[in-house]
1. For the range 263-269, take each phi angle, set θ = phi - 60°, evaluate the Karplus expression 6.51 cos²θ - 1.76 cosθ + 1.60, and give the result in whole Hz per residue in order, putting x for glycine and proline.
2. Using modelled backbone amide H atoms (1.01 Å from N, in-plane), which distant-in-sequence or interchain residues come within less than 5 Å of GLN215's amide H?
3. For ARG50, what is the net charge nearby, where nearby means another residue's Cβ is under 14 Å from its Cβ and Lys, Arg count +1, Asp, Glu -1?
4. Could you work out the relative contact order of the chain, using alpha carbon pairs under 8 angstrom and six or more residues apart, expressed as a whole percent?
5. Of all DSSP beta bridges located in the chain, what percent are antiparallel, nearest 5?
6. Can you tell which of GLN40, GLN20, GLN167 shows the greatest fluctuation in a Gaussian network model of the chain with Cα springs below 10 Å?
7. Going by amide H atoms built from the backbone, whose H comes under 5 Å of the H on THR160, apart from near neighbours?
8. Let me know the shape class of the range 1-63, please: from the alpha-carbon gyration tensor, a ≥ b ≥ c as square roots of the eigenvalues, rounded when a/c is under 1.5, otherwise prolate if a/b is greater than b/c, or oblate.
Amino acid sequence: MISEQIGIDLLRAFVAVCRQGSLNRVATQTGRTQSALSMQMRRLEDLLGRQLFNRTGRGVVPTPEGELFLGYATRMLALGDEAAARLRQADLSGGVRVGLAEEVATTALPEALGRLRRGYAEIRLDVVVEQCVALGRTWPEGDLDIMVVPTSVVTADALTTWNVDLQWVCATDYAFDETRPIDLVAFAAPCLWRRRMIETLADKGRDHRITFTSQSITALQAAIENGLGIGLLPPEAVRAGTMRALPASAGVPKPLAVQYGLFARDRRTAVVDAAISVLLEALPAASRA
């Protein structure tokens, strides 16, 4: 049967490529070569007898057949995780309070928490999405069990850390003029990304003006897509069909690296440990090395 030939690893790789739109990015995160990952995707296409991706100069985009299979693949993986979780510890119960920096709350972390909730019906999740600086200030108060924020906003030691590379991004049809001040799309202050953005432009001697601010990364994506200015986004937030990364030759600084960490209390319940496990699985491969 075809389902027996596909396997969980191939499904996970397919879903990751669809979501990130880049074979190279997924290969780097999973510790593979791009050619090996490309061969896996072609093998999947051969097994299904359908073209699943359109390959462009900026990455890959699922075809209509690819989008259809993505829905099934996501459901199959979720059901597998749910079944495994219930078999491992069906009686796990209790509450866990999680704080996510707004800029990472649209990536794989909420999906991981969703798998946890489906796997353990008695778990009570309380997830707070907030600006990273605000979360860092509240961490000492003890209101959260787990937190994912930049390491610079909190003095505690992280369980694990990883780097997020922020790219300078604009709309695909954006007319970038190096002779004029740069129009910026940025998070509202206080914000680490905003501060780093302004500092690096100042170091490069580039004038700028902030044309759009929001506390929502979804709103920033929409502003960039509609040509209101350029902004900093992590690779997984760059929409291949409507955005493009600006090279240093365009007059912008090099991509910025921001270190993030997963923080947890020293004294933890079993349910908090379970939440940490699923979040660690969703983090970039570099953080688990």
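The values are calculated or read from the model by the stated rules, or taken from the named source; none is laboratory data. Being a predicted model, the structure only gives us computed values, none of them experimental. As a convention, Cβ positions derive from the backbone with ideal geometry for all residues, glycine included, and neighbour counts pool all protein chains shown. All accessible areas refer to the heavy atoms of the entire protein, side chains included, with ligands and DNA or RNA removed. Shrake-Rupley method; radii C 1.70, N 1.55, O 1.52, S 1.80 Å.
1. 10, 8, 5, 5, 9, 10, 8
2. Hits under the 5 Å cutoff: ALA188.
3. Cβ neighbours under 14 Å give a net charge of -2.
4. Numbers: 454 pairs, mean separation 63.6, N = 289.
For the chain, the relative contact order is 22 percent.
5. Bridges in the chain are about 55 percent antiparallel.
6. Of the options given, GLN40 has the highest mean-square fluctuation.
7. LEU262
8. Details: a/c = 1.98, a/b = 1.30, b/c = 1.52.
It comes out oblate by the Cα gyration axes.
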